[in-house]
Amino acid sequence: GMSAHVEIAAGDGVEVIRLVRPDKRNALTQEMYRALTDALEAGETNPAIRVRVLFGSGGHFSGGNDIADFLATAKGEQGTPREVLRFIEALPLLRKPLIAGVDGQAIGIGTTLLMHCDLVYATPRATFATPFLDLGLVPEAASSLLMPAAMGYARAFELLVLGETFGAE
């Protein structure tokens, strides 16, 4: 599953996966989800790949779902597009380390996918937000389970329910 907006490069045991749609703040389309999931699944069985590193580009990590694309393709379970489900279902099954380097905004899935990473590095200008309540959505990718475990109930509530923006610190 190739995508013009997901660059994949591998060498020395490291697979670098980069979101390259800076004009749209690296918002994820179905095509991008497909490319991400295909790369992660292929890397699991490729002995040449020992670790995956995920980056954004252009001063953004990811603006989350491309809402127009999401609505146009919402044909999966409960109206969730199939490629989004595939990605969310693949995350907890990954056995090889997944590392993220976050620069700029990480919104929605851009933040929740980080709960499935083994390490997350953030630049001083990185920000994290999960505006689920504003969108009338429930938190995805087990974030309502993983975030309280990682940061405590009160901070997770601030992020997931109040929709507060967190800085890298």
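The values are calculated or read from the model by the stated rules, or taken from the named source; none is laboratory data. This is a predicted model, so every value here is computed, not measured. Here Cβ is always computed from backbone atoms with ideal geometry, including for glycine, and neighbour counts include all displayed protein chains. Keep in mind that these areas ignore ligands, DNA and RNA; they rest on the heavy atoms of the full protein, side chains included. Shrake-Rupley method; radii C 1.70, N 1.55, O 1.52, S 1.80 Å.
The number of residues in the stretch 1-41 being part of a helix (DSSP H, G or I) and surrounded by 14 or more Cβ atoms within 10 Å (Cβ to Cβ) comes to 14.
Selection of the stretch 114-137 for residues being open to solvent by 50 Å² or more (accessible area, probe 1.4 Å), part of a helix (DSSP H, G or I) and within 20 Å of T37 (Cβ to Cβ) yields only M115.
Somewhere in the stretch 84-99, is a residue open to solvent by less than 30 Å² (accessible area, probe 1.4 Å) and not in a helix (DSSP H, G or I)? Checking the stretch 84-99: at least one residue is open to solvent by less than 30 Å² (accessible area, probe 1.4 Å) and not in a helix (DSSP H, G or I). Hey, any hits in the stretch 98-119 for a residue that's under 19 Å from R18 (Cβ atoms), touching a residue at least 40 places away in the same chain (Cβ under 8 Å) and of a type in the set (S, T, N, Q)? The answer is yes, given that some residue of the stretch 98-119 is under 19 Å from R18 (Cβ atoms), touching a residue at least 40 places away in the same chain (Cβ under 8 Å) and of a type in the set (S, T, N, Q). Hey, could you check the stretch 138-167 for residues that are within 17 Å of G64 (Cβ to Cβ) and free of Cβ contacts under 8 Å to residues at least 24 places away in the same chain and say which is least open to solvent (accessible area, probe 1.4 Å)? Only one residue tops the list, namely S144.
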